[in-house]
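Just below is one structure, and these are the notes that go with it.
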Amino acid sequence: MSLKDRLTRLVGEAPKPGEGKAYPRQDTIRELRARIDTIMNRRERILPSKTPEARRDALPLEHAVAGEEVQTQHGTFFMSRNIIDAGDFYGYSRVRDLACPSMPAAAFLTGHRPFVDMLITDGLFLDTETTGLSGGTGTFPFLIGLGWFENDSFVTCQLLSRDFSEEVAALRYLSELASGRQFLVTFNGKAYDINLLATRFILNRSHDRLAGMPHIDLLHPSRRIFAHRLENTRLSTIESQILGVRREGDVPGFEIPQRYFDWLRQRDGMFLKDVFEHNRMDIISMASLLKHLTDLVENTVEIENCHHGDLLKLAMFLHERGDAARSLPVFELLVASPHPDVAAGARRSLSIIYKKMRRWDDAVHLWQILADDQPHDIFAIEELAKFYEHQTRELEKALQLVRRLLDHAPHLSQAACISLEYRYQRLLKKLS
Amino acid sequence: MAHLSLSEWLARAESDRRFRENVTAIKRIDATDGLFAPYPQWVNPAIQKVLSGRGITKLYNHQVRAIELVHQGRDIVLVTPTASGKTLCYNIPVLQRIIEEPETRAIYLFPTKALANDQMAEVHGLIRELKANIKTYTYDGDTPDDARQAIRKQGNVVVTNPDMLHAGILPHHTKWQKLFSNLKYVVVDELHTYRGVFGSHVTNVFRRLKRICRFYGQDPVFICCSATVANPREHAENLLEKDVLLIDESGAPRSAKTFILYNPPVVNRELGIRQSALTPARNMMNDLIGNRIQTIAFTTSRLNVEVLTKYLKDMFRGRIPDDHYVTGYRGGYLPNLRRQIEKGLREKSIMGVVSTNALELGIDIGDLEVCIMVGYPGTIASTWQQAGRAGRRTGESLAVLIAKSNPMDQFIVENPDYFFTRSPEYCRVNPDNLLVLLHHIKSAAFELPFEEGEKFGKEDLMELLAYLEEKGVLHRVDQRWHWAAENYPADEVSLRTISTENVVVVDTTETGDHKVIAEVDWESAFTTLHDGAIYMMESQQYHVDHLDLERKKAYVKKVDVDHYTDAMNYTNVKVIDDFDKKIKNDIIIEHGEVQVTRKVVGYKKIKFYTSENVGYGDVDLPQRDMHTTSYWFTLPWDLLNSLQLTRLDIIDGLAGLTYCLHHISAMLLMADIRDVDWCIGDKSGEWYVRPGNNRRVITTSPTKPVAVMENAYDPTIFIFDAYPGGIGFSENLFDRHDELINAVRSVIASCPCEHGCPMCVGPLLEVGPSARSSALQILDMMIGP
């Protein structure tokens, strides 16, 4: 019996041999088969309404996507190149305005000093579309989307492997493009795209030029600054909630792998049309997001036009990076914010900065305001107590404040309780 | 009161008539001296110095042979007893090479995490004393994410398990580029545990490992260690699919050991009931520990660990202050507690421990004096390994095997020669089981595209790739097959079974606070979690309200009832293809491929202690079908009719014979009793025998209870592999048919019961009063004069 027959019999697909009458299909056989099928085809089924119907006449790729075949010494692949003119609008901004993000600001966002001296035109924006999200060597980045600024306009260049065999050529081309650039800009590229490409370079035994390139990964600062008001920090969410861009008829990310598998089987360009568009939008969004983030850092946005919560998170982020020169003025602006939470947060952070600078009057002023607003603000009252104990030696005053917290503050954590109790006992001892 | 030493205790026990009556064999194994050899010239002086500092000024001769061969780049399998210093056999050459070439990488594979941790401590100790810059890490499911990157890049020695290699390392080999580009050694410890289904998977993991190594231009040396099995070299070669040299002569000294086989007394001859094996175990342990003789007991189930521990704690309560003087040990205890117990044993603050086979493998617990095995561990190899837990270096030690009431245990204690003189079991793998192979071909394709003409396993790879291409998971272009699906195939198969589905048990006793209390594998769910079943866990009974197969959940509620349930299964086997055939005394013996249909049709309620049937219930679950391999033999009616037995007696006799055959087959195969299953029927699947409400009935379908058995169909007894596609047991049983039948006859003939009991043909109430004598007549006829 052939291997294939044995297999199909094992998974219950063929009628069993030697059966005269139709044998009732066994539940378990059906189940086993279903199980094997789910194992083998465990991919998100696309809703039929959203899928371009399998067409009798497949649309050639060149007709669905503006682009052409590129021939190299390593083989061919398909490339689509587009230019967005300086005057075109993207969301709230014109493209020409996106072209001048502050590189010093980028250096602050990434904590990577050398960006200060780089030019935005030397940056390569990168985003891949892949055959799965699980990672690992079997995930194939079939579409490599790239973008860069050129004379105030934005160029996108998308490299498609029309089959696995075209990957080498596409990767080599990517290497060539990258070698003319100074740095990368991605969204989650550090954890995903660049790793995945590194794997593909190894599998194709090619040198990986991307490894070690300076890299602005927009995910991390975006998460720090915007996560407080978003349900998630996916690029599409940031795009619609922060950048004010609405996509029409966008293909959802989870459908993309199946689109590519369908393309492989049917060679119908319609399957990939939306994928190209989705990828292109992602790249442009990254450019827009970079500009928005650097503007926030540079403080060039009018405070009235800014979300105060974002500014607070930004100032805290900058403060952590040790950049008091930039964070201080933002905090000072925000203490006057009409949003009570933002103002309180700014006061707390600012008071700590003042304390470090030994600007005691300013610090005490802020603690006082905090304590007036919230009579059991543990942070402010404890700081005041410390101040009276160590700076002015007004031990009685300090003692009273600690007592006030111990007696009246609701929801004291155990750790806070212990520390307050300890302070209280020490004050008592000093007094006696 | 003065404490007895172990020799005094033994002398006293042996002179005790009541103890002696139950002993079926006492074997003394003399002490032997060690055979030593100097360190080979090439061994780095720093390594020699560290080892000398630990008192190892010279090596055992087997260690020298091992490290010399590894040094020459040969693949080896080392089979030597516990405490013969096998870890040095791989640590010396590996550390040596790393000192010479700091980029060198090695993978250490252990079957369990606990063992991996134990080994880590050992290697770390050596490295610390060497003061060398050698980095060793464990990489398993517990490794924190932030540590993983460092391990991938810097770890000289990566200690892990096959499951992690399969699902965590190979599918991400590019992240491990540094490891694979410099991989010189792969250490495979406890090789004998990789057998059956697990071994078949692991063979394929090695195929993938070697494939990835080739990609990075490496061909690492494999250093394997195994407990004593019959075919270590063959097994290593089957697993690694390359030539392997065997080192099986130990130069390590051995202490004197007394080995006792103990069969608890018969307490009810009529029903053939023996005293529970736990009773003598409890008494012996109580006495030994009372004499400050450190003792370990092994039981065959987690439940028995708890029961025996409780008995002992009760006995010692009040007599000693420390509650941990005697303790249990099993999987499921938290790692910290386990480490504490291991330490307590080494420091002798714990004098008694009751364990499952979790402690059987090489975890360091020091030298105990006595090992008591409550029930035959299932294989000769395991028995010796457990016995080896006592007296690793001490002067005198004792091992006692207490038999339980089943044919396997009874055969072992009643046939001491079999146990003491015979080589232990064979390890088998069937890596080319199509379902197993297919899973790994998918995983391999995910790791690297397959190329035209490549080989993977013994089946026609190109045909399998074409099949997967047709299924849409692979895509072929330019003579290469690429993974073309979204998923991560390694996640879809567990190495320890073929099927990956589980049923979770949900406790719904508290409304609004449903808890998952257990997971049961798919096959067992049908017999233990059907509607109306009583599911037992940690001595608590639960009533199964509903088994939802679609959602893979069983909803249960706590109950307190005086009975448990036993599912009534019917099994029907039909021959599809016979691979080989032989005839002996007119009995036709064959093996081949079969279709097995199983269905749970109902259950019995059985009262605790009395084992009375107190009711029945119906079960409506779908039947399960599988293709597997089987061994079978057919007894022609002409022959059976010559025995002057009634038709019913013959059926009972065949059933009794099969009960015993099933157990003995598992024993010979070194397999779990659930790895093989049985059926009595005919080759066409027209009729078969199943237990009815009172006696066995012959039937043609699960709905028709009784049918006429036609003379045209000769009864056939099947013993089949209980896994889809088979796991390679059947051919082995076919080859060993005579040995098997003789062993079955010996068990049934030597049983002290009158009409049949669980130790020979099965419980009397189930098999009928004539089963034992009929089975013996049939066996005599089969064996011939």
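The values are calculated or read from the model by the stated rules, or taken from the named source; none is laboratory data. Only a predicted model underlies this, so the values are computations on that prediction, with no experimental measurement involved. Positions of Cβ are generated from backbone atoms using ideal geometry, with glycine treated the same way; all protein chains shown enter the neighbour counts.
Which of the residues spanning segment B:159-173 are touching a Gly at 6+ places or on another chain (Cβ under 9 Å) and either assigned to a strand (DSSP E or B) or without any contact (Cβ under 8 Å) to a residue 24 or more places away in the chain (or both)? B:160, B:172, listed by residue number. Scanning segment B:434-455 for residues that are buried (at least 20 other Cβ atoms within 10 Å of the Cβ) and either more than 9 Å from chain A (Cβ to nearest Cβ) or within 21 Å of residue A:204 (Cβ to Cβ) (or both) yields B:436, B:437, B:440, B:441, B:443, B:444, B:445, B:446, B:447, B:448, B:449, B:450. Do we have residue A:110 as more than 33 Å from the chain's Cα centre (by Cα) and modelled with pLDDT of 85 or more here? For residue A:110, the condition - more than 33 Å from the chain's Cα centre (by Cα) and modelled with pLDDT of 85 or more - is not met. Being among the β-branched types (Val, Ile, Thr) and within 30 Å of residue B:419 (Cα to Cα), is that true of even one residue in segment B:2-23? Yes; the residues of segment B:2-23 include at least one that is among the β-branched types (Val, Ile, Thr) and within 30 Å of residue B:419 (Cα to Cα). Given the structure, is residue B:617 closer than 30 Å to residue B:534 by Cβ and surrounded by fewer than 20 Cβ atoms within 10 Å (Cβ to Cβ)? In short, yes. Selection within segment A:178-206: residues that are of a type in the set (D, E, K, R), assigned to a loop (DSSP other than H, G, I, E, B) and within 14 Å of another protein chain (Cβ to nearest Cβ). The member of this set that is nearest to the chain's Cα centre (by Cα) is A:190. In segment B:134-158, the qualifying residues are those that are assigned to a strand (DSSP E or B) and hydrophobic (A, V, I, L, M, F, W, C), and the one that is surrounded by the most Cβ atoms within 10 Å (Cβ to Cβ) is B:157.
When each of B:549, B:495 is tested for being under 30 Å from residue B:472 (Cβ atoms) and away from chain A (no Cβ under 14 Å), the lone residue that passes is B:495. One residue stands out in segment B:620-654 among those that are within 14 Å of another protein chain (Cβ to nearest Cβ) and farther than 22 Å from residue B:718 by Cα: the one that is farthest from the chain's Cα centre (by Cα), namely B:620.
Here's the yes/no breakdown for (1) of a type in the set (Val, Ile, Thr); (2) in contact with a helix residue (DSSP H, G or I) (Cβ under 6 Å, 6 or more places away or on another chain); (3) more than 30 Å from residue B:20 (Cβ to Cβ):
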| site | (1), (2), (3) |
| --- | --- |
| B:409 | no, no, no |
| B:413 | yes, no, no |
| B:420 | no, no, no |
| B:430 | no, yes, yes |
| B:438 | no, no, yes |
| B:442 | no, yes, yes |
| B:447 | no, yes, yes |
| B:453 | no, no, yes |
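Would you pick out the residues in segment B:716-772 that are part of a loop (DSSP other than H, G, I, E, B), in contact with a Leu (Cβ under 7 Å, 6 or more places away or on another chain) and of a type outside the set (A, V, I, L, M, F, W, C)? Matches in segment B:716-772: B:724, B:725, B:736, B:755, B:756. A single member of B:179, B:191 is in contact (Cβ under 8 Å) with a residue 60 or more places away in the chain, surrounded by 22 or more Cβ atoms within 10 Å (Cβ to Cβ) and within 14 Å of chain A (Cβ to nearest Cβ), and it is B:179. Return yes when residue B:21 is in contact (Cβ under 8 Å) with a residue 40 or more places away in the chain and either of a type in the set (D, E, K, R) or in the same structural domain as residue B:275 (by TED's automatic domain parsing) (or both) and no when it is not. Answer is yes for this residue.
If you go through segment B:90-116 and keep only what is in a helix (DSSP H, G or I) and either of a type in the set (Gly, Ala, Ser) or not assigned by TED's automatic domain parsing to the domain that holds residue B:195 (or both), you end up with B:114, B:116. Condition first: at pLDDT 90 or above, assigned to a helix (DSSP H, G or I) and in contact with a Gly (Cβ under 7 Å, 6 or more places away or on another chain). Can you find one or more residues in segment B:47-62 that meet it? Within segment B:47-62 (the criterion being at pLDDT 90 or above, assigned to a helix (DSSP H, G or I) and in contact with a Gly (Cβ under 7 Å, 6 or more places away or on another chain)), the answer is yes, since at least one residue qualifies. The residue list A:114, A:101 contains one member that is surrounded by 21 or more Cβ atoms within 10 Å (Cβ to Cβ), more than 14 Å from chain B (Cβ to nearest Cβ), not in a strand (DSSP E or B) and not aliphatic (A, V, I, L, M), which is A:101. Scanning segment B:407-448 for residues that are β-branched (Val, Ile, Thr) and either within 30 Å of residue B:258 (Cα to Cα) or modelled with pLDDT of 90 or more (or both) yields a total of 4. Annotation: of all residues in segment A:233-255 being over 24 Å from residue A:221 (Cα atoms) and not in a loop (DSSP other than H, G, I, E, B), the one that is farthest from the chain's Cα centre (by Cα) is A:255.
Filter segment A:176-226 down to the residues that are small (Gly, Ala, Ser), without any contact (Cβ under 8 Å) to a residue 40 or more places away in the chain and buried (at least 16 other Cβ atoms within 10 Å of the Cβ) and list them by number. Across segment A:176-226, the qualifying residues are A:198, A:206. Any residue that is within 14 Å of another protein chain (Cβ to nearest Cβ) and either of a type in the set (Val, Ile, Thr) or surrounded by fewer than 16 Cβ atoms within 10 Å (Cβ to Cβ) (or both) - is there at least one of those in segment B:597-610? Yes: segment B:597-610 contains one or more residues that are within 14 Å of another protein chain (Cβ to nearest Cβ) and either of a type in the set (Val, Ile, Thr) or surrounded by fewer than 16 Cβ atoms within 10 Å (Cβ to Cβ) (or both).
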